[in-house]
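Each value in this text was obtained by applying a stated rule to the coordinates, not by laboratory testing. Given the structure is predicted, the values throughout are model-derived calculations rather than measurements. Glycine also receives a Cβ, built like all others from the backbone with ideal geometry; neighbour counts cover every protein chain displayed.
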Amino acid sequence: MKRRGHDVRFFASSYFVPLVERSGLTAVGIGPPEAYEAVIRHPDAFHPKKGIRLIARANLEYLPESYQRMDEQVVPGETIVIGSTLAFGSRLFQETRSVPTATVHLAPSIFRSAFAPPRFEESGILEKFPPFANRALFYVMDRLVVDPTFCPGYNRFRAELGLPPVERLFGDWIHQADVDVGLFPSWFAEKQPDWVGNIHLTGFPLEDGSKSGESLSEEAAKFLDSAKRPVIFTAGSAATTEASFFEESAEACRLTGIDGMFLTRYPEQIPRELPRNVRHFDYLPFSLVVPRVRALVHHGGIGTSAQALAAGIPQLVRPLAYDQFDNAHRLSRLGVARTLSPARYRGPAAAAALEELTGSEAVRAVSASLKRKLEGYDAVSATADVILRELTGKG
């Protein structure tokens, strides 16, 4: 948007202000940086059931501040708002100030379909039911779980703004922006006939936080040069309590002899003694590293999944919560990944899965084919064009 001549204000947790400013954008911080750290370090952060309550509390706690800070920046007739899935404040401006609004979703699991339901757990039980039963189950899930978690606090703030209460927040309401964007290609998640909203699928953004001209650290470059196409292991950039994942991954490297690169900013998760063929790194720019490794073992986050697809390498996924089960299922269905639940992720099982993935000609062929689909396509520019065209008529 800035390259297109627009004045951009980026509202985010104060934790991310330095990252936004390094990108050359104007950042407006919401809440103290410690608030984000408190969430990701909470033991429930990636619990498949308790985690959503933790996210809801943090989101709603800073919603009034977010709304107020954004309200100070609105120029009537000249402002548009682009919000992420949980940026409820952006939707409020659509209602209170008639500001044209877009909602951008990173992963397809937010789009419900009774015909092709997203996976919220490993088994995919909803896929076994007919559409009418899935619609009933979505209704029950909203009434008993989702709405009691999000709606009371959100509706109290809506009442302060003179707005009526909402229900089924993650059913229809979340898709009632002027335009909804899915940041993934249709071959990853095909648009379903019962998806709600003015939906456009624009593709993976493939953003890894690296800066133009950035190079690898000397230690990382040396290890990559000496290793025999290592495997990257990561539990996600926000994971702080996954010591067992790295312990079992170290065992997998011992059993297979595969060189491993353990990636986390929270070194307390790393075993004190690592095998000689394993190294720990705080940060690696994926766009520079992933094309040089043989496989990626990860949590199923959509950004990590997309980077591996763009590099054309196999993936072993250990999903924990949120969109991760659905992403893992879609990767497995494409033929580029295998999935192990946390309960089944043990050294021998991970070793066997890695040997199967990296030794499969079929996996290599499909991975190479999908890599070609992503080459040369700029999803970020495509997204900006769609939003401007839909909200201003000037794409």
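Within the straight-line cut-off of under 28 Å between alpha carbons, the lysines reachable from Lys222 are Lys211, Lys371, sequence neighbours fewer than 8 places apart in one chain being disregarded.
At q = 0.07, 0.08, 0.10 Å⁻¹ the log10 of I(q)/I(0) for the chain amounts to -0.33, -0.44, -0.70, computed by Debye summation with a single uniform scatterer per C-alpha, solvent ignored.
Measuring between alpha carbons in the structure, the pairs from Lys49/Lys128; Lys50/Lys373; Lys191/Lys373 lying more than 26 angstrom apart are Lys50/Lys373.
Where the eigenvalues come from the Cα gyration tensor of the range 39-190, what are the semi-axes √(5λ) of the equivalent ellipsoid, largest first, in whole Å?
Sorted largest first and rounded, they come to 28, 19, 15 Å.
Label zone (Arg9, point 7 Å along Cα-to-C-beta; backbone nitrogen cut-off 17 Å) within the range 41-68: 63-68.
With R₀ set to 41 Å, the beta-carbon distance separating Leu144 from Glu361 gives a calculated FRET efficiency near 0.30. Rounded to the nearest 0.05, the FRET efficiency derived from the C-beta distance between His47 and Ser332 at R0 = 35 Å is 0.95. Taking the longest Cα principal axis of the chain as reference, the axis of helix 324-334 is set at about 60 degrees. For the chain, the longest principal axis of the Cα atoms and the long axis of helix 147-160 meet at an angle of about 40 degrees. The GluC sites (Glu not before Pro) of the range 302-395 that DSSP puts in a loop, and whose beta carbon has at most 16 other beta carbons within 10 Å, are Glu375.
Stretch Glu34-Glu268 to full length: gain in nm at 0.36 nm per residue minus the Cα-Cα span? Write down the numbers at each step before the final one.
On the way: separation 234, 0.36 × 234 = 84.24 nm, distance 1.85 nm.
That works out to 82.4 nm of additional length.
3J(HN,Hα) couplings calculated from phi for the range 22-29 with the Karplus curve 6.51 cos²θ - 1.76 cosθ + 1.60 (θ = phi - 60°) are, in sequence order, 5, 7, x, 10, 7, 9, 10, x Hz; Gly and Pro show x. Length available on full extension from Phe115 to Met1: 0.36 nm per residue minus the Cα-Cα distance, which gives 37.5 nm. Each peptide among 326-332, 314-320, 269-275 gets the average number of other Cβ atoms lying within 10 Å of its residues, and from highest to lowest they stand as 314-320, 326-332, 269-275.
Here Gln176 and Ala136 are evaluated by their C-beta separation; at R0 = 22 Å the FRET efficiency comes out at 0.50. Along its three principal directions, the equivalent ellipsoid of the range 218-374 from the Cα gyration tensor extends over semi-axes of 21, 18, 15 Å, largest first.
Roughly speaking, what is the centre-to-centre gap between the range 288-342 and the range 83-149 when only Cα atoms are used, to the nearest Å? What the calculation gives is 23 Å, centre to centre.
Working note: 222 nm ellipticity from helices only, DSSP H runs with n ≥ 4, each -39,500 (n - 2.57), summed and divided by the residues of the chain, gives -12000 deg cm²/dmol to the nearest 500. Projecting label points 7 angstrom from Cα along Cα→Cβ for Glu72 and Arg229 puts them 5.3 nm apart. Taking amide H as placed 1.01 Å from N in the peptide plane, Phe170 has no amide H partner under 5 Å among residues 5 or more places away or on another chain.
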